[in-house]
Amino acid sequence: MAELKTKPTPESVEAFIQAIVDDGRRQDCLTLEAMMARVTEAEPTMWSSGIIGFGSYRYTYATGREGDWFEVGFASRKANIALYVMPGLDRFEEHLSELGAFKMGKGCIYIKHLADIDLGVLEGLLTASVALLRQAD
């Protein structure tokens with residue numbers, strides 16, 4: 001069985017965020033860091049691929065493969081900020097309809113700037129997502 005490429009690293013979250021050149025993007029990432037720490041009550045951890053993850057949960061696929069993953073996280077990418085919502089987004093249609101301007105993948109929300117979305121709605125979505133993951137434990 002192949003080993004996952006994305007896993008926790010000892011890299012500094014603070015150094016990673018401070019290295020973001022664009023001031024606006026850096027501030028958005030600091031805001032997300034504070035929000036996700038508040039929602040999960042967990043310290044941030046750097047994951048390979050430049051992801052900052054919060055909290056953790058154990059998953060098991062139907063094949064029996066198991067692993068550990070973060071509950072919520074984000075990554076500053078070249079074109080946008082990717083927000084990772086681990087139980088998937090299909091359960092949060094009401095939140096998404098009120099969120100603002102974003103693009104979406106299966107478990108990711110892609111935003112250009114935090115100013116484009118409603119931060120209260122985002123925090124509600126993240127809170128509901130974490131609660132759902134923890135309920136499954």
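The values are calculated or read from the model by the stated rules, or taken from the named source; none is laboratory data. In this text the structure is predicted, and so the values were computed from the model without any measurement. All Cβ positions, glycine included, derive from the backbone under ideal geometry; neighbour counts span all protein chains shown. Just the protein is used for accessible areas: all its heavy atoms, side chains included, with ligands, DNA and RNA removed. Shrake-Rupley method; radii C 1.70, N 1.55, O 1.52, S 1.80 Å.
In table form, for the structure just shown:
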quantity	calculated
Positive dipole terminus of the chain, leading residue within 99, 86, 64 (C-beta point charges)	64
Qualifying trypsin sites (Lys or Arg not before Pro) in the stretch 47-100, DSSP loop, other Cβ atoms within 10 Å at most 16	65, 77, 78, 91
Principal axes of the stretch 47-137: Cα extent on each, largest first, Å	40, 28, 20
For residue 93, solvent-accessible area (1.4 Å; no DNA, RNA or ligand), Å²	130 Å²
Qualifying chymotrypsin sites (Phe, Trp or Tyr not before Pro) in the stretch 33-122, DSSP loop, other Cβ atoms within 10 Å at most 10	61
Dipole magnitude (debye, nearest 20) for the chain, charges at Cβ of Lys, Arg, Asp, Glu	480 debye
Among 108, 49, 32 the positive-end extreme of the charge dipole of the chain (Cβ point charges)	49
Probe 1.4 Å, all protein chains present, accessible-area order of 9, 60, largest first	60, 9
Straight-distance crosslink candidates among lysines, where the alpha carbon sits under 22 Å from residue 112 and sequence neighbours closer than 8 are dropped	78, 103
Calculated [θ] (222 nm, deg cm²/dmol) that DSSP helices of n ≥ 4 give over the chain, each run adding -39,500 (n - 2.57)	-11000 deg cm²/dmol
